[in-house]
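Visitor: Handing you a structure now.
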Amino acid sequence: MRITRDVALPLSEVTVRASRSSGPGGQHANVTASRIEAVFVVADSATLQPWQKERITARLGPRVTAVAQDARSQAQNRELALGRLRERLAAALAVPRHRTPTRPPRASRRRVAQTKQRHSARKRDRRPPRHDD
């Protein structure tokens, strides 16, 4: 199962469990185990690097679980659960880009100052005249 461009997990490291679904299926749902739960234990993985294990554990915990009971078929729910597990692991492994702090340009600072001056002048002009005797 491909997680990112560089990381792929063998399906043998993912435990897939089936149980009875509470979702759609009518009378058929009472006799079929169509709910799928995919569980990945981070510490037991032989594929991931130590820093990847730390990153996933810090963000998602030691066990990553994905459940699907949307479809009536077990095969469809299996694909949905594995897809959700893949998305969660990919999001946990994603490294955010470093933001370079920037300063506002001189022109925008000038515009803000001019707007502020116009606003204060408008408020000043609305005041009643002062009585200086």
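Visitor: Given bins 10 angstrom wide, list per bin the percent of all Cα-Cα distances in the chain, short to long.
Guide: Histogramming the chain at 10 Å steps yields 11, 26, 16, 10, 8, 10, 10, 5, 2, 0 percent.
Visitor: Once both axes come from the Cα atoms, what is the angle between helix 74-93 and the longest principal axis of the chain, in degrees from 0 to 90, rounded to 10?
Guide: The angle comes out at about 40 degrees.
Values in this text are rule-based calculations from the coordinates and carry no lab data. Here the structure is a predicted model, which means the values were calculated and not measured.
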